[in-house]
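The values are calculated or read from the model by the stated rules, or taken from the named source; none is laboratory data. None of these values were measured; they are calculated from a predicted model. Here the Cβ positions follow ideal geometry from the backbone for every residue, glycine too, while neighbour counts run over all protein chains shown. What goes into the accessible areas is simple: the full protein's heavy atoms, side chains included, and nothing from ligands, DNA or RNA. Shrake-Rupley method; radii C 1.70, N 1.55, O 1.52, S 1.80 Å.
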Amino acid sequence: MRTSSSRRGRRTAMTAIAAAAAVVTGATLLTGCGGDDGKGDGAAGGGRITLRIGTFGSFGYDDTTGAKLYAEYEKAHPNIKIEESNVADGQKYWDTLKLRLSRNSGLADIQALEVGYIAEATGPAMADKWADLGKTGGADLGAFLDWKVKQATTGDGKVIGLGTDIGPMAICYNKDLFAQAKLPTDRTEVARLWAGDWAKFLQAGEAYKKNAPAGAAFHDSGSGLFNAVVSSEPLQYANAEGELDYEKSPGVKRAWDTAVAAVQAGLTAKLRQFDEKGTWNAAFKNSKFATVACPSWMTGIIKEQAGPENQGKWDIAAPPVAGNWGGSFLTVPKSGEHVKEAAELAAWLTAPAQHAKVFGVNGNIPSTKDTLTSPAVQEAKLPYFGDTPIGRIYSEAAAGITPAPISRWDGQVKTFLTDNGILDIEQRGTDPAKAWENVKKLVDDKIDK
């Protein structure tokens, strides 16, 4: 899944979706290891152990709104208790995780990682911090998409992460708002409005704006649009050699120019996706925008944040250009107290059977090959979206994914471009040229290239 604007790049991340009874959502960003009361939290003595999972966004495992995987695993393993700690901001999650890795303390037994940070995690400075999940836990690496495994492989061949999902793109749209704006509502006709070109997406926004309901923008945010466009580009923040090269990237330029044009045309609701105050979340419920760039993991967010009163109002259309936004991994810090048990849980959570269950409830597209082509995915529909053939839409999009090269700094640079660049243009009226220079200065100051 993905998340925040570094989010999820941001995968990542997003607002905490819902907490199961076993999910811990305390003030800390990450949960440390250790027992509930410091006693009997070890397998050696045969007592019950607690495995803690640190996540961001909506992974769909929980026992309330998710696929109830924790309860299923605990039932099959009565000596194990699972607790999940979930936070909103993917960049803060990653920054805190890096700090705790450097100290080898305060870590969860399993830590989720967004694809924007996986190159840094597999790099020389961090590669030895993780358990090798190719050798521990019993995961079937051959079940995963080859490129997903490659992303999580270190230079010396260790596999530090097991793929949870990928992020094939679509556009989710509010049918009621489209109807009020005198635009088509059938998903095939909607897709024709912008097929093949993000510039056509902006043209559709201009058409929407002419008859838009009061207080309802065409698109949620300039940053979300930036992420969608750049995710459809063959070269993004890195060059073909995996070196950070965002200033010369045609993909970044196209995404920046498109997002800025949308902002300046008044097509966005000027929101920061996954903001900690929950303003973006509330905007779903209150129908403050008509479209949102919609990788598969976004469907779970729409369901949760738009709420039952808006069920059936949202639909999904093909995007202007196919792309992949987000996707995550489960990792196991090597310094944990229960590495073997954590690796086994990570392998189980990311196995094809569990991928299918999560997709059926949360819409996260699996990163295992056979699951992508299985009837469970191909024929899947989510009740919240009515008869929308979600499985077919996203699996077809997934088939066209060619992953772009990634650098170790992709997630951080994405945050600067969105939160410190486009959002400043959107909310503060900063001149785009000045905003671009501000981003460059941040990159130069904060990133040791």
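Candidates are the residues of the range 418-449 that are under 21 Å from P124 (Cβ atoms) and of a type outside the set (V, I, T); the one that is modelled with the lowest pLDDT is K449.
Of the residues making up the range 398-417, at least one is among the β-branched types (V, I, T), modelled with pLDDT under 90 and outside any helix (DSSP H, G or I). Strands (runs of 3 or more DSSP E) fully within the range 252-342 that include at least 3 residues being under 30 Å from K135 (Cβ atoms) and either among the hydroxyl-bearing types (S, T, Y) or at pLDDT 95 or above (or both): 324-331. When the range 63-110 is filtered for residues that are open to solvent by 60 Å² or more (accessible area, probe 1.4 Å), acidic (D, E) and closer than 28 Å to K303 by Cα, only E72 remains. If you check G163, G157 for being more than 30 Å from A269 (Cβ to Cβ) and surrounded by fewer than 23 Cβ atoms within 10 Å (Cβ to Cβ), only one passes: G157.
So that you can scan it fast, the table gives a plain yes or no per residue for (1) assigned to a loop (DSSP other than H, G, I, E, B); (2) open to solvent by less than 10 Å² (accessible area, probe 1.4 Å); (3) farther than 21 Å from Y173 by Cβ:
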{"position": "A353", "(1), (2), (3)": "no, no, yes"}
{"position": "V361", "(1), (2), (3)": "no, no, yes"}
{"position": "V377", "(1), (2), (3)": "no, yes, yes"}
{"position": "A380", "(1), (2), (3)": "yes, no, no"}
{"position": "T388", "(1), (2), (3)": "yes, yes, no"}
{"position": "Y394", "(1), (2), (3)": "no, yes, no"}
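Kindly list, by first and then second residue, each pair from a residue in the range 339-360 that is among the polar types (S, T, N, Q) to a residue that is part of a helix (DSSP H, G or I) and surrounded by 21 or more Cβ atoms within 10 Å (Cβ to Cβ), limited to pairs with Cβ atoms under 9 Å and residues at least 6 apart or on different chains. Correct list of pairs: Q354/L69. If you check E243, E233 for being acidic (D, E), touching a Pro at 6+ places or on another chain (Cβ under 9 Å) and open to solvent by 30 Å² or more (accessible area, probe 1.4 Å), only one passes: E243.
Of all residues in the range 127-144, those satisfying the criterion of being assigned to a loop (DSSP other than H, G, I, E, B) and either open to solvent by 30 Å² or more (accessible area, probe 1.4 Å) or modelled with pLDDT under 95 (or both) are G134, K135, T136, G138, D140. Screening K357 on (1) assigned to a helix (DSSP H, G or I); (2) farther than 30 Å from I82 by Cα shows it passes everything except condition (2).
The residue pairs whose first member lies in the range 408-419 and is under 18 Å from K98 (Cα atoms) and of a type in the set (V, I, T), whose second member is open to solvent by 10 Å² or more (accessible area, probe 1.4 Å) and assigned to a helix (DSSP H, G or I), and whose beta carbons are closer than 8 Å, counting only pairs six or more residues apart or on different chains, are T415/Q91. Across the range 29-37, a minimum of one residue is classified as out of contact with any Pro (no Cβ under 7 Å at 6 or more places or on another chain), modelled with pLDDT under 85 and open to solvent by less than 10 Å² (accessible area, probe 1.4 Å).
Looking at this structure, is Q111 within 20 Å of N227 (Cα to Cα) and in contact with a helix residue (DSSP H, G or I) (Cβ under 8 Å, 6 or more places away or on another chain)? Against the criterion (within 20 Å of N227 (Cα to Cα) and in contact with a helix residue (DSSP H, G or I) (Cβ under 8 Å, 6 or more places away or on another chain)), Q111 does not qualify.
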